[in-house]
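Have a look at the structure below before the remarks.
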Amino acid sequence: HMIMVHNDNNEASTAISLLLRSFTRAAVDAFVIISGYFGIKFKAKKLAKLLTQTWFYSVTSFLLVVFLLNLQSFTINKDFLAFFPTFSRQYWFVTVYIGLYCISPFLNKFIESSSKKTLQKFLIVGVVLFYIWPTAAYLVNARHLVEDSGYGIVNFSYLYILGRYLNLHFIDKHNCSWHFRNYLIIGIVLFISQYIISHILGFE
(Lines give C-alpha, C1' and ligand atoms only; values in the text may rest on other atoms or scores of the structure.)
Protein backbone atom coordinates (compact mmCIF):
# COMPACT_ATOMS: atom_id res chain seq x y z
CA HIS A 1 0.00 0.00 0.00
CA MET A 2 2.84 2.37 0.88
CA ILE A 3 4.51 1.62 -2.47
CA MET A 4 1.33 2.47 -4.32
CA VAL A 5 1.05 5.78 -2.48
CA HIS A 6 4.68 6.53 -3.33
CA ASN A 7 4.03 5.76 -7.00
CA ASP A 8 0.91 7.91 -6.95
CA ASN A 9 2.92 10.79 -5.52
CA ASN A 10 5.56 10.37 -8.23
CA GLU A 11 2.84 10.23 -10.86
CA ALA A 12 1.26 13.44 -9.59
CA SER A 13 4.59 15.30 -9.34
CA THR A 14 5.55 14.20 -12.85
CA ALA A 15 2.19 15.38 -14.22
CA ILE A 16 2.49 18.75 -12.47
CA SER A 17 6.06 19.18 -13.71
CA LEU A 18 5.05 18.41 -17.30
CA LEU A 19 2.06 20.75 -17.05
CA LEU A 20 4.18 23.64 -15.81
CA ARG A 21 6.87 23.04 -18.44
CA SER A 22 4.26 22.90 -21.20
CA PHE A 23 3.13 26.44 -20.40
CA THR A 24 6.41 28.05 -19.32
CA ARG A 25 9.21 26.51 -21.39
CA ALA A 26 8.35 28.77 -24.33
CA ALA A 27 9.26 31.89 -22.32
CA VAL A 28 12.96 31.78 -23.26
CA ASP A 29 12.17 31.14 -26.92
CA ALA A 30 9.68 34.01 -26.87
CA PHE A 31 12.37 36.32 -25.48
CA VAL A 32 14.75 35.41 -28.30
CA ILE A 33 12.00 35.89 -30.90
CA ILE A 34 11.26 39.32 -29.41
CA SER A 35 14.99 40.12 -29.61
CA GLY A 36 14.86 39.21 -33.29
CA TYR A 37 11.64 41.13 -33.84
CA PHE A 38 13.17 44.39 -32.66
CA GLY A 39 16.67 43.46 -33.81
CA ILE A 40 19.92 43.40 -31.86
CA LYS A 41 22.16 46.38 -32.49
CA PHE A 42 25.65 45.20 -31.58
CA LYS A 43 27.64 47.54 -29.35
CA ALA A 44 30.94 46.55 -27.76
CA LYS A 45 30.14 48.55 -24.61
CA LYS A 46 26.88 46.66 -24.06
CA LEU A 47 28.65 43.35 -24.57
CA ALA A 48 31.37 44.32 -22.10
CA LYS A 49 28.74 45.44 -19.58
CA LEU A 50 26.85 42.14 -19.86
CA LEU A 51 30.06 40.13 -19.48
CA THR A 52 31.14 42.21 -16.48
CA GLN A 53 27.77 41.94 -14.73
CA THR A 54 27.64 38.18 -15.26
CA TRP A 55 31.19 37.77 -13.94
CA PHE A 56 30.61 39.96 -10.88
CA TYR A 57 27.37 38.35 -9.68
CA SER A 58 28.56 34.84 -10.49
CA VAL A 59 31.94 35.11 -8.75
CA THR A 60 30.48 37.02 -5.79
CA SER A 61 27.83 34.34 -5.25
CA PHE A 62 30.43 31.60 -5.56
CA LEU A 63 32.76 33.23 -3.02
CA LEU A 64 29.90 33.72 -0.58
CA VAL A 65 28.92 30.07 -0.84
CA VAL A 66 32.50 28.84 -0.39
CA PHE A 67 34.11 31.22 2.11
CA LEU A 68 31.26 32.91 3.98
CA LEU A 69 28.53 30.28 4.15
CA ASN A 70 31.02 27.41 3.95
CA LEU A 71 28.55 25.27 1.98
CA GLN A 72 31.25 23.68 -0.14
CA SER A 73 35.00 23.32 -0.18
CA PHE A 74 37.21 25.04 -2.72
CA THR A 75 39.75 23.26 -4.88
CA ILE A 76 41.48 24.98 -7.79
CA ASN A 77 41.13 22.00 -10.14
CA LYS A 78 37.41 21.67 -9.53
CA ASP A 79 36.36 25.30 -9.21
CA PHE A 80 38.74 27.10 -11.56
CA LEU A 81 36.05 27.55 -14.24
CA ALA A 82 33.72 29.20 -11.71
CA PHE A 83 35.76 32.37 -12.33
CA PHE A 84 34.92 32.19 -16.04
CA PRO A 85 31.11 31.78 -15.90
CA THR A 86 30.40 32.82 -19.48
CA PHE A 87 33.17 30.76 -21.03
CA SER A 88 32.31 27.66 -18.98
CA ARG A 89 28.55 28.06 -19.47
CA GLN A 90 27.74 28.30 -15.78
CA TYR A 91 24.55 30.03 -16.90
CA TRP A 92 23.59 28.48 -20.22
CA PHE A 93 21.21 31.25 -21.28
CA VAL A 94 23.73 34.05 -20.76
CA THR A 95 26.45 32.15 -22.62
CA VAL A 96 24.26 31.32 -25.61
CA TYR A 97 22.68 34.78 -25.72
CA ILE A 98 26.12 36.40 -25.73
CA GLY A 99 26.99 34.12 -28.65
CA LEU A 100 23.83 35.30 -30.42
CA TYR A 101 24.68 38.91 -29.61
CA CYS A 102 28.12 38.51 -31.19
CA ILE A 103 26.83 36.98 -34.44
CA SER A 104 23.72 39.19 -34.69
CA PRO A 105 25.39 41.67 -37.11
CA PHE A 106 25.99 38.80 -39.56
CA LEU A 107 22.47 37.45 -39.10
CA ASN A 108 21.09 40.94 -39.72
CA LYS A 109 23.04 41.21 -42.97
CA PHE A 110 21.73 37.83 -44.11
CA ILE A 111 18.14 38.84 -43.29
CA GLU A 112 18.38 42.26 -44.91
CA SER A 113 19.88 40.85 -48.12
CA SER A 114 17.36 37.99 -48.41
CA SER A 115 13.96 38.17 -50.03
CA LYS A 116 10.76 37.19 -48.25
CA LYS A 117 10.60 33.94 -50.21
CA THR A 118 14.22 33.06 -49.38
CA LEU A 119 13.58 33.60 -45.67
CA GLN A 120 10.42 31.49 -45.86
CA LYS A 121 12.36 28.63 -47.44
CA PHE A 122 15.08 28.94 -44.82
CA LEU A 123 12.53 28.85 -41.98
CA ILE A 124 10.81 25.78 -43.45
CA VAL A 125 14.09 23.91 -43.89
CA GLY A 126 15.11 24.98 -40.39
CA VAL A 127 11.92 23.57 -38.85
CA VAL A 128 12.66 20.20 -40.43
CA LEU A 129 16.37 20.12 -39.54
CA PHE A 130 16.28 21.68 -36.09
CA TYR A 131 12.89 20.62 -34.68
CA ILE A 132 11.06 17.85 -36.53
CA TRP A 133 14.15 15.67 -37.10
CA PRO A 134 15.49 16.00 -33.51
CA THR A 135 12.02 15.29 -32.08
CA ALA A 136 11.61 12.15 -34.18
CA ALA A 137 15.15 11.03 -33.30
CA TYR A 138 14.47 11.64 -29.60
CA LEU A 139 11.43 9.38 -29.73
CA VAL A 140 13.51 6.46 -31.00
CA ASN A 141 16.57 7.38 -28.88
CA ALA A 142 18.74 8.10 -31.94
CA ARG A 143 21.44 10.70 -32.54
CA HIS A 144 20.60 13.64 -34.78
CA LEU A 145 21.92 16.82 -36.34
CA VAL A 146 21.57 19.15 -33.35
CA GLU A 147 21.91 17.58 -29.92
CA ASP A 148 21.56 20.56 -27.60
CA SER A 149 17.81 20.03 -26.95
CA GLY A 150 17.10 23.56 -28.13
CA TYR A 151 19.45 25.16 -25.60
CA GLY A 152 22.17 26.13 -28.06
CA ILE A 153 23.20 28.78 -30.56
CA VAL A 154 21.48 27.02 -33.48
CA ASN A 155 18.04 27.33 -31.91
CA PHE A 156 18.68 30.91 -30.81
CA SER A 157 19.85 31.90 -34.29
CA TYR A 158 16.80 30.32 -35.89
CA LEU A 159 14.41 32.04 -33.47
CA TYR A 160 16.18 35.36 -34.00
CA ILE A 161 15.74 35.09 -37.77
CA LEU A 162 12.10 34.10 -37.23
CA GLY A 163 11.58 37.22 -35.13
CA ARG A 164 13.12 39.46 -37.79
CA TYR A 165 10.97 37.80 -40.45
CA LEU A 166 7.82 38.48 -38.42
CA ASN A 167 8.79 42.14 -38.09
CA LEU A 168 9.62 42.62 -41.77
CA HIS A 169 7.11 40.44 -43.60
CA PHE A 170 4.28 39.26 -41.35
CA ILE A 171 1.03 41.14 -40.83
CA ASP A 172 -0.89 40.00 -37.75
CA LYS A 173 -4.66 40.19 -38.27
CA HIS A 174 -5.68 38.58 -34.97
CA ASN A 175 -6.38 40.09 -31.55
CA CYS A 176 -4.84 39.20 -28.18
CA SER A 177 -7.65 36.84 -27.16
CA TRP A 178 -7.07 34.75 -30.30
CA HIS A 179 -3.38 34.40 -29.50
CA PHE A 180 -4.07 33.63 -25.83
CA ARG A 181 -6.61 30.95 -26.77
CA ASN A 182 -4.08 29.32 -29.10
CA TYR A 183 -1.44 29.51 -26.38
CA LEU A 184 -3.73 27.59 -24.03
CA ILE A 185 -4.60 25.01 -26.69
CA ILE A 186 -0.95 24.45 -27.64
CA GLY A 187 0.04 24.19 -23.97
CA ILE A 188 -2.62 21.56 -23.32
CA VAL A 189 -1.64 19.60 -26.46
CA LEU A 190 2.02 19.69 -25.41
CA PHE A 191 1.15 18.47 -21.93
CA ILE A 192 -0.98 15.59 -23.19
CA SER A 193 1.58 14.52 -25.80
CA GLN A 194 4.50 14.68 -23.35
CA TYR A 195 2.50 12.81 -20.71
CA ILE A 196 1.65 10.02 -23.14
CA ILE A 197 5.20 9.81 -24.53
CA SER A 198 6.71 9.73 -21.04
CA HIS A 199 4.54 6.74 -20.18
CA ILE A 200 5.06 4.85 -23.45
CA LEU A 201 8.83 5.38 -23.64
CA GLY A 202 9.61 5.80 -19.97
CA PHE A 203 10.95 9.37 -20.40
CA GLU A 204 10.42 12.22 -17.99
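Using the crude model of +1 on Lys and Arg Cβ and -1 on Asp and Glu Cβ, and no other charge, please compute the dipole size for the chain relative to its Cα centre, in debye to 20. Mind showing how you got there, number by number?
Working: 17 positive and 9 negative charges, 213 e Å.
In debye, rounded to 20, the chain gives about 1020.
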Work out Dmax and Rg for region 82-204 from the C-alpha atoms and quote the Rg first, both in angstrom.
17.4, 49
For region 118-198, the charge dipole (Cβ of Lys, Arg +1; Cβ of Asp, Glu -1; about the Cα centre) points to a positive end, and the Cα of Ile185, Leu129, Gly152 closest to that extreme belongs to Ile185
Calculate, for Asp172 and Phe87, the FRET efficiency according to 1/(1 + (r/R0)^6) with r their C-beta to C-beta distance and R0 41 Å; round to the nearest 0.05.
0.55
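For n ≥ 4 DSSP H runs only, could you compute -39500 (n - 2.57) per run for the chain, divide by its residues and tell me the 222 nm figure to the nearest 500? Show your work: numbers first, answer last.
On the way: 9 runs with 144 residues, N = 204.
Result for the chain: -23500 deg cm²/dmol, rounded to the nearest 500.
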Accessible area in square angstrom per residue, region 18-127, 1.4 angstrom probe
68 Å²
Thinking of region 1-153 as a set of Cα atoms, what percent of all their pairs are more than 18 Å apart?
75 percent
Between Ser198 and Lys109, the two model label points (7 Å from Cα along the beta-carbon direction) sit apart by a distance in nm of 4.5 nm
Ile186 versus Ile132: modelled label distance in nm, points set 7 Å from Cα along the beta carbon direction
1.7 nm
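Which pairs break 22 Å Cα to Cα here: Lys109/Lys173; Lys43/Lys121; Lys43/Lys109; Lys46/Lys121; Lys41/Lys109?
Working: Lys109/Lys173 28 Å; Lys43/Lys121 30 Å; Lys43/Lys109 16 Å; Lys46/Lys121 33 Å; Lys41/Lys109 12 Å.
Cα-Cα > 22 Å for Lys109/Lys173; Lys43/Lys121; Lys46/Lys121; rest within.
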Hydropathy at least -0.5 by Kyte-Doolittle, axial extent at least 30 angstrom from the Cα trace: which helices of the chain, defined as entire DSSP H runs, fit?
2-24, 92-113, 176-201
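Probe radius 1.4 Å, ligands and nucleic acids left out: which of Ile196, Ile33 has the largest accessible area, and how do the rest follow? Walk me through the numbers on the way to the answer.
Numbers: Ile196 85, Ile33 45 Å².
Output order, biggest surface exposure first: Ile196, Ile33.
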Could you give the length gained by full extension between Gln53 and Val65, i.e. 0.36 nm per residue of separation minus their alpha carbon distance, to one decimal place?
2.5 nm
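The values are calculated or read from the model by the stated rules, or taken from the named source; none is laboratory data. Computed from a predicted model, the values in this text were never measured in an experiment. Every residue, glycine as well, gets a Cβ built from its backbone with ideal geometry; the counts of neighbours run over all protein chains shown. Accessible surface is based on the protein model in full, side chains and every heavy atom, while ligands, DNA and RNA are left aside. Shrake-Rupley method; radii C 1.70, N 1.55, O 1.52, S 1.80 Å.
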